[in-house]
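The values are calculated or read from the model by the stated rules, or taken from the named source; none is laboratory data. If you're wondering where the values come from, they're calculated on a predicted model, not measured in any experiment. Neighbour counts are summed over all protein chains in view; Cβ atoms, including those assigned to glycine, are modelled from backbone coordinates with ideal geometry. We work out accessible area using only protein heavy atoms, side chains counted, and drop any ligands, DNA or RNA first. Shrake-Rupley method; radii C 1.70, N 1.55, O 1.52, S 1.80 Å.
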Protein chains: 2
Amino acid sequence: MKRTVFFISDGTGITAEALGNALLTQFEGIEFDRVLLPYIDTIDKARATLERIHKANNNDGVRPIIFDTIVNKEIREFIRTGDGFPIDIFETFLSPLEQELGHSSSYSVGKSHSIDEENRYKGRIDAVHFAMDNDDGALTKNYDKADIILVGVSRCGKTPTCIYMALQYGLCAANYPLTEEDMKEGIIHLPKFLENNKHKLFGLTIDAENLSNIRNERRANSRYASLAQCEMEVDLVEELFIRFDIPYINSTYFSIEEISAKILDITGIERKN
Amino acid sequence: MKRTVFFISDGTGITAEALGNALLTQFEGIEFDRVLLPYIDTIDKARATLERIHKANNNDGVRPIIFDTIVNKEIREFIRTGDGFPIDIFETFLSPLEQELGHSSSYSVGKSHSIDEENRYKGRIDAVHFAMDNDDGALTKNYDKADIILVGVSRCGKTPTCIYMALQYGLCAANYPLTEEDMKEGIIHLPKFLENNKHKLFGLTIDAENLSNIRNERRANSRYASLAQCEMEVDLVEELFIRFDIPYINSTYFSIEEISAKILDITGIERKN
């Protein structure tokens, strides 16, 4: 059975979507067809939205689920007149929060951002630029400015994790790939600029088979992608992490969101945004 | 008055945080002190959490707000015994959803990801690598694989917007900076590889004064950062957008989340994750 789900907002719809998806994950065996509708901020757009909801209702033979964070009351109530099953996120929580905080909410469309919010935002954007500039061992001289430096073999997930930590947490995250150049006589020699920043290092490892699959997508049938090579590199890197007491995670079974949250949890580094 | 807010989860805490921040934004004039506590998945960790909540209560002189998405019932109920004002996101919405869907939720910790979810995840990670590789006009030969190509002057917000679209929507987003090299005789000549992909182009512009401030942080007092230079570049780029009928947004007053959502809305490009 297919069930259409709408995420509707007069803003970006990011919150409606994040919450909705987290809730839907709890329902296995139901196939959801997801539709994101941001910036529904006029009655005309709301009317077109009701039409889409109506069509989904007819096609599915069952009413769609609606997750919404519409601040504008008129539009919110208009959407309520349609065929969907509404989950109103703001209305559900804002009223008890207003009571607890003894403060009425602004609950208004297009509220300008506060200075505090703007500074946190700027920090995140600066961190994204830092992560881009310091990807893949590009600028090791910047490591004194880094909040964290991820190390691991090529293609174990360092880059997207750094990007995520920058975007989500505002952290200046650099990463350095440990390659054959660092491996000599069956051991990895930690480069000087990493040893000088040992307290900032965090390791990523990965199952060799998984690594080989990922590398094969990039360079099929190369020595770089061979299982033997991947096993050798992973073994050496894990030995390094233990020898230098570098905390590490195996990225094979976690998403970058999970890896990032675990890194913060393990290191105690505080988010900046 | 300061008020401490805890985001608590036995997972990453991302949903609790996203929803909590969206709600708090509606309350101006209250200073919130935000604490993210992910992976509270044992009674021992829950006990330490209650201790932190208790301390915040004493320090602030008012009970903290708790946004939680704790799936484990025992831990959830244990957290409820503390001093905080609880906003229980899952409990509030899962029960009505179970009724509507005629299906009980799994509501269990550490549920493995579905194949569908894993494929969407892989698409997002691939898109992040694409955005990294195709930043700043690096690989124009890849433009046939791009879902969208952002164009604009240097430092107008192209890079973080591309990264966000990749991470959030799984879109292969490239970007190309329009520089003085493309500007001749008071006009911008659109490079051939861009003209061949004209339907994928989306423009970003920015207020010249804001651009000058941003560039000054990078290269203080340079010609590159001067207001005159910024004004000239912005004028030429906006003229180009109009001449080639390229849709565009002024990034000055929007976050990358807002810009990305607007781009999807304007172009009708469908997210891939």
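Details
- Tally of residues being acidic (D, E) and under 23 Å from the mean Cα position of the chain (by Cα) across region A:18-67: 2
- Filtered residue count, region B:215-235, keeping only those that are surrounded by fewer than 18 Cβ atoms within 10 Å (Cβ to Cβ), among the hydrophobic types (A, V, I, L, M, F, W, C) and in contact (Cβ under 8 Å) with a residue 24 or more places away in the chain: 0
- Cross-chain or 6+ apart pairs with Cβ under 7 Å, region B:14-29 first and more than 7 Å from chain A (Cβ to nearest Cβ) and closer than 23 Å to A:Y164 by Cβ, then hydrophobic (A, V, I, L, M, F, W, C) and open to solvent by 10 Å² or more (accessible area, probe 1.4 Å): B:E17/B:L36; B:L24/B:F32
- Any hit, region A:91-111, residues being over 24 Å from B:I65 (Cβ atoms), open to solvent by 10 Å² or more (accessible area, probe 1.4 Å), outside any strand (DSSP E or B) and among the hydroxyl-bearing types (S, T, Y): no
- Residue check for A:T4: more than 12 Å from chain B (Cβ to nearest Cβ), assigned to a strand (DSSP E or B) and crowded, with 17+ Cβ neighbours inside 10 Å: yes
- The residue that is nearest to the other protein chains (Cβ to nearest Cβ), counting only those in region A:30-52 that are hydrophobic (A, V, I, L, M, F, W, C) and more than 14 Å from A:T4 (Cβ to Cβ), is A:I40.
- Counting residues in region A:68-90 that are closer than 24 Å to B:K2 by Cα and under 28 Å from the mean Cα position of the chain (by Cα) gives one or more.
- Counted residues, region B:250-263 - those being within 14 Å of chain A (Cβ to nearest Cβ) and surrounded by fewer than 22 Cβ atoms within 10 Å (Cβ to Cβ): 7
- A:A146 in contact (Cβ under 8 Å) with a residue 40 or more places away in the chain, touching a Phe, Trp or Tyr at 6+ places or on another chain (Cβ under 8 Å) and buried (at least 24 other Cβ atoms within 10 Å of the Cβ): no
- Of the helices (runs of 4 or more DSSP H) that lie entirely inside region B:176-273, those containing 3 or more residues that are farther than 30 Å from B:E118 by Cα span B:192-195, B:208-218, B:227-243.
- Among the residues of region B:58-82, those identified as more than 10 Å from every other protein chain (Cβ to nearest Cβ), touching a Leu at 6+ places or on another chain (Cβ under 8 Å) and either surrounded by fewer than 18 Cβ atoms within 10 Å (Cβ to Cβ) or closer than 18 Å to B:T12 by Cα (or both) are B:F78, B:I79, B:T81.
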